[in-house]
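Each value in this text was obtained by applying a stated rule to the coordinates, not by laboratory testing. The shown structure was predicted, so the numbers you read here are calculated from the model rather than taken from an experiment. Cβ atoms come from the backbone with ideal geometry, glycine included; neighbour counts cover every protein chain shown.
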Amino acid sequence: MKPSFSKSNLLSSAVLVLNANYSPMTVCTAKRAITLHFLDKIDVLSNYDDKINSPSIALELPSVIKIRTYIKNNNLSVEISRKNILARDGYKCQYCGKQSNALTVDHVVPKFKNGLDTWENLVAACKNCNQSKGDKTPEEARMPLLNKPKRPNRIHYFQRLVKKKQADWRPYLFMEPLN
Ligand SMILES: [Zn+2]
């Protein structure tokens, strides 16, 4: 008899990690969460419906955990990188709206005009748009941005990971009130 999911798949399920004061901190794998649970470092607030069956025990698969020791300086900012900029922009060119796997990152205000490497000045752009914009600002190139680029915060990123199975995450990510 073959289970529908292999054990290793289940162990890599995403687990929402909350700080001791319930503020969302990060996402880890179920494997890591189970280890922390055995080390008595966390409380499990919610489990997935799936169980991990090993010959000796049936383990519940954690979905939301809370660490016991409060971590100060929990910085909710997202690291600025090509990958994270494309993800923020939904893998869509911010000039023509085309979705593509071959996007570039464009400086809204060009570098040589002292445009900075900031969330507010970097957007996803397709190669065509990047080329036709060249070394101009959007105004000069008459290529208005579809969205004003903003600094994301990690809560937004976690919210995007919430699928049907992660319904239990929603109250902790301010997507619905806690009951
Ligand atoms: Zn484009």
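Some points to look at:
- In a fully extended conformation the segment linking TYR22 and SER132 would gain 34.9 nm over its present Cα-Cα distance, using 0.36 nm per residue.
- Partners of LYS133 within straight-line reach, counting lysines whose Cα lies under 21 Å from its Cα and excluding those fewer than 8 residues away in the same chain: LYS92, LYS98, LYS111, LYS113, LYS148, LYS150.
- Highest mean packing first, where packing is the average number of other Cβ atoms within 10 Å per residue, the peptides 66-73, 15-22 line up as 15-22, 66-73.
- Measuring r between the beta carbons of SER81 and ASN121 and using R0 = 22 Å, the FRET efficiency lands at 0.90.
- Around TRP169: net Lys/Arg minus Asp/Glu count, Cβ-Cβ under 15 Å: +4
- Set of aspartates and glutamates near LYS165 by C-alpha distance (under 12 Å), chain-local residues within fewer than 8 positions excluded: ASP49, ASP50
- Simple spin-label estimate for LEU145 and ASP43 gives 4.2 nm between the two label positions (7 Å along the Cα-to-Cβ direction from each Cα).
- Applying a threshold of 21 Å to the alpha-carbon distances of LYS83/LYS164; LYS41/LYS164; LYS72/LYS164; LYS31/LYS51 flags LYS83/LYS164; LYS41/LYS164; LYS72/LYS164 as lying beyond it.
- If R0 equals 41 Å, the separation of the Cβ atoms of LYS113 and ARG170 corresponds to a calculated FRET efficiency of about 0.45.
- Selection from GLN99, GLY115, PRO138 lying farthest towards where the dipole of the range 82-141 points positive, charges on Cβ: GLN99
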